[in-house]
1. For the stretch 9-23, how many residues meet the condition of being surrounded by fewer than 21 Cβ atoms within 10 Å (Cβ to Cβ) and in a strand (DSSP E or B)?
2. Hey, can you tell me all the residues within the stretch 43-56 that are closer than 10 Å to Ala32 by Cβ and either free of Cβ contacts under 8 Å to residues at least 40 places away in the same chain or outside any strand (DSSP E or B) (or both)?
3. Output the residues belonging to the stretch 112-160 that are of a type in the set (Val, Ile, Thr) and farther than 30 Å from Ala176 by Cα.
4. Scanning the stretch 24-69 for residues that are among the small types (Gly, Ala, Ser) and over 22 Å from Ala96 (Cα atoms), which turns out surrounded by the most Cβ atoms within 10 Å (Cβ to Cβ)?
5. Go through (1) crowded, with 19+ Cβ neighbours inside 10 Å; (2) touching a helix residue (DSSP H, G or I) at 6+ places or on another chain (Cβ under 8 Å) one by one and return the number of the condition Val173 breaks.
6. Quick one: in the stretch 188-214, which of the residues that are within 22 Å of Gly170 (Cα to Cα) and touching a residue at least 60 places away in the same chain (Cβ under 8 Å) is surrounded by the most Cβ atoms within 10 Å (Cβ to Cβ)?
7. Select, from Gly164, Gly145, Gly157, the only residue that is under 17 Å from the mean Cα position of the chain (by Cα) and free of Cβ contacts under 8 Å to residues at least 60 places away in the same chain.
Amino acid sequence: MKTEAVVLRSLRFGEADRILHVYTPRRGKIGAIAKGVRRARSRFGGRLEPFFRLELMLHEGRSELLTVTGAQTIDGFPRLREDATALDTAARACDAVSRLFDTSEPHPNVYNLLCNELALIDADARRAGHANQLAFRLKLLLAAGFAPQLTSCASCGERDHLSGFSGAAGGVVCDACGGFALSGEAHGFMVEALGRPLAQAPAASPRALRQAERAIADTVEHHAGVRLREAVAR
């Protein structure tokens, strides 16, 4: 089987092998083993490391793990590997995809979104700041079917006085329906971030971004049953 893939995680296995978690456009998340990859003369070189975008040849046997039989680099995103913060940001993006889309169900848009995010980090780590990372996560929620309700109260339908957020309710809530405080700026950021391209994430104050991140985290915990690592705030 031939497929494009982004390496989400790479783990040492045995004396010379690696277990890979990769995300693909047509097969979702896949586990694979790369045999002998840690030997000095491995034909794979260093390309089976996290954040590489590859064209993989995979053999499907009886094991749940596929076997990597070939790999060509599409993009190694080399510049992000020169900065510790950029590496951490890329790791959190891949971790978010891994946790939210931990199945073989295909989501080509999620694969493309991840590739775009890694390219942004690689081109200029400063553009992939807190606002960009939260915009990325909001778009992941949209792809997963968990996008929060932002146009009216998620509990009663009221369109005015939307001053809070409830992950359990599924979005913004009005004064009467409770939730934790969500400022108008944070609310506006979330609306704009969902509507704009990833590279054009809107600016917002640190306070508004913290509130938006809490809203995202609450949504993920209530509706996907997982916790995401905090975004990297600069």
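The values are calculated or read from the model by the stated rules, or taken from the named source; none is laboratory data. Please read all numbers here as calculations on a predicted model, not as lab measurements. Every residue, glycine as well, gets a Cβ built from its backbone with ideal geometry; the counts of neighbours run over all protein chains shown.
1. Here is the first cut: in the stretch 9-23, the residues surrounded by fewer than 21 Cβ atoms within 10 Å (Cβ to Cβ) are 9-17, 19, 21.
Adding the requirement that they be in a strand (DSSP E or B) leaves 9-13, 17, 19, 21.
Counting residues in the stretch 9-23 that are surrounded by fewer than 21 Cβ atoms within 10 Å (Cβ to Cβ) and in a strand (DSSP E or B) gives 8.
2. Start the filter on the stretch 43-56 by keeping residues that are closer than 10 Å to Ala32 by Cβ, which leaves 48, 56.
Selection gives Leu48 alone.
3. Residues of the stretch 112-160 of a type in the set (Val, Ile, Thr): 121, 151.
Matches in the stretch 112-160: Ile121 only.
4. In the first step, residues of the stretch 24-69 are kept if they are among the small types (Gly, Ala, Ser); the result is 28, 31-32, 34, 36, 40, 42, 45-46, 61, 63.
Cutting the leftovers down to over 22 Å from Ala96 (Cα atoms) gives us 34, 36, 40, 42, 45-46, 61, 63.
Values: Ala34: 24, Gly36: 14, Ala40: 5, Ser42: 16, Gly45: 11, Gly46: 10, Gly61: 9, Ser63: 11.
Among those that are among the small types (Gly, Ala, Ser) and over 22 Å from Ala96 (Cα atoms), it is Ala34.
5. The number of the failed condition is (2).
6. As a first pass, look at the stretch 188-214 and keep what is within 22 Å of Gly170 (Cα to Cα): 188-196, 207-214.
With touching a residue at least 60 places away in the same chain (Cβ under 8 Å) added as a condition, the list becomes 193, 196, 209, 212-213.
Numbers: Ala193: 23, Arg196: 13, Leu209: 21, Ala212: 28, Glu213: 19.
It comes out as Ala212.
7. Working: Gly164 fails: under 17 Å from the mean Cα position of the chain (by Cα); Gly157 fails: under 17 Å from the mean Cα position of the chain (by Cα).
Just one listed residue meets the conditions, Gly145.
Conditions (1) closer than 24 Å to Gln133 by Cα; (2) in contact with a strand residue (DSSP E or B) (Cβ under 8 Å, 6 or more places away or on another chain); (3) in the same structural domain as Arg126 (by TED's automatic domain parsing); (4) not hydroxyl-bearing (Ser, Thr, Tyr), marked per residue:
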residue: Val22; (1), (2), (3), (4): yes, yes, no, yes
residue: Lys35; (1), (2), (3), (4): no, yes, no, yes
residue: Arg39; (1), (2), (3), (4): no, no, no, yes
residue: Leu48; (1), (2), (3), (4): no, yes, no, yes
residue: Phe52; (1), (2), (3), (4): yes, yes, no, yes
residue: Arg62; (1), (2), (3), (4): no, no, no, yes
residue: Leu66; (1), (2), (3), (4): no, yes, no, yes
residue: Thr69; (1), (2), (3), (4): no, yes, no, no
residue: Ala86; (1), (2), (3), (4): yes, no, yes, yes
